[in-house]
Every structure is written in C-alpha cells, then in structure tokens.
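Below is one structure; the comments refer to it alone.
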Amino acid sequence: MKIHRILIGTMVIACLGGLASAAHAQSEPAPAPPAASSGVKDGVRLRAGIGLGGGVFLLPSNPTGGAVGPAVRIGVQINHYISILYQNTPIVGATATHDKRSGTVLFADYNSLLLNLTLLHMIEIGAGPSLDYVALAHGSLTIDGLNSMASADTGTGLAAGGHARAAFIIGGLSGNGPRRSGFVIGVDAHPMFLSTGRALSLTAGLGAEWY
C-alpha cells in the first residue's frame, strides 16, 4: 500500500508541475515578427526636367557675347545612379568684336543625348553628342577715312556638337522611393563645330527635375 501511495503521489506532483509549466508558457508574450526592410526602392522609370539659363557665346569671328535659352529634358532613369536623357535647348546669342565694327546674331537648337550619373541623390554629371540646327546673321562695318561700307550675310545649317552638364538638385526621395524630385542649379557647356571654326556656349541656370 505504501508503494502504491508513493507512486500515486509522484504522478499527482508531476501532473501539477506540467500544468504549471503550461500556464507559465501561455502567460509569456509571443515574439514580435521581424521588422520589414526599410531599404530605398529602385527601378526603371521615366524622368523629366526643365530649366532656363544664360551665359556667354564664344564664336570664331566674334569672340564675345551673351546667350540665353530654356532647356527641356526627358529620358529614362535606369536606376538611382544611371540615366539616359534627351535635352533640347533653343538658345539665342549676340556677339561683337572688341572694336564694335563686326557682330553676329545666332540662333541654335541643341539636340543632345546625354549619359547621366547621379550621386547621393543630388549631384548629377552628364555628357554626350549633339546634332544642332544653327541660323546666324553676321554684319560688319568698314571705315576708311571719310568712307564707310557695311555688309551683312546670313546662313543656316546643321552642325555636330557635344554637351556636358553638371547639376546640384535640392530635393531628394519621395518617401522610400524610387521617385525623386527637386529644384535644380545647373551649368552647361556646349561646343559646336561650324564650317568657320568652333563655337562654344557656357550657361548657368535654374529649373526643376523629376527623376
């Protein structure tokens, strides 16, 4: 009998211990699920930009003058770093020689294809070839004693060129991306290879970018 009582008591104690362990396990909170990734999204998307700039024109026969024109950009943002852009820049300039006896008025339409690099979501550097339409009017005044003679000529045509651009974008990501937008401060350099020699425009401007 004593052995039976001992066995029964041992079984009762074991059952009570199991019930207590189960109740304690149920009272503990379940572990929290792992936090979702907070990484910035990326992917292929369209991009666009606009701007207005001014600066200087350097022409072969009339080395000094001003330039002004808008710019429109459209292209594909491959990822946060690389994009391919088409930039159209109609620009007007007027130059004159130092003695003011010769001057040129020029209109050009730049058609530039740029490979663009974006760093830190705000610094951009791009460069590429360009095919430009150029229309110019050149006038000169010759003074020989009491005699003077004025002449003028015009011309239009296509010219090969190149384009380089650097910009700083004040803005950044929209949430966790991938789209970004901002206010742009940019500088552009554009050489053109004319039949009379090489021309160059240097401009700085303000605008907006959606990239």
Once Thr64 and Asp42 are pulled to full extension, the length gained, defined as 0.36 nm per residue separation minus their Cα-Cα distance, is 3.4 nm
HN-Hα couplings for the stretch 161-168 via Karplus (6.51, -1.76, 1.60; θ = phi - 60°), in whole Hz with x for Gly/Pro, come out as x, x, 9, 10, 9, 9, 8, 10
Residues other than Val40 with Cβ under 14 Å of its Cβ, Lys/Arg counted +1 and Asp/Glu -1, net out at +3
Taking Lys and Arg as +1 and Asp and Glu as -1, residues besides Ala204 with C-beta under 15 Å from its C-beta add up to -1
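Two decimals, Cα atoms only, Kirkwood Rh: what is Rg/Rh over the stretch 45-210?
1.11
Since every read-out is calculated from the coordinates, none of them should be taken as a lab result. Every value quoted in this text rests on a predicted model; they were computed, and no experiment measured them. When we count neighbours, we look across all protein chains shown, and the Cβ atoms used for this are built from the backbone with ideal geometry, even at glycine.
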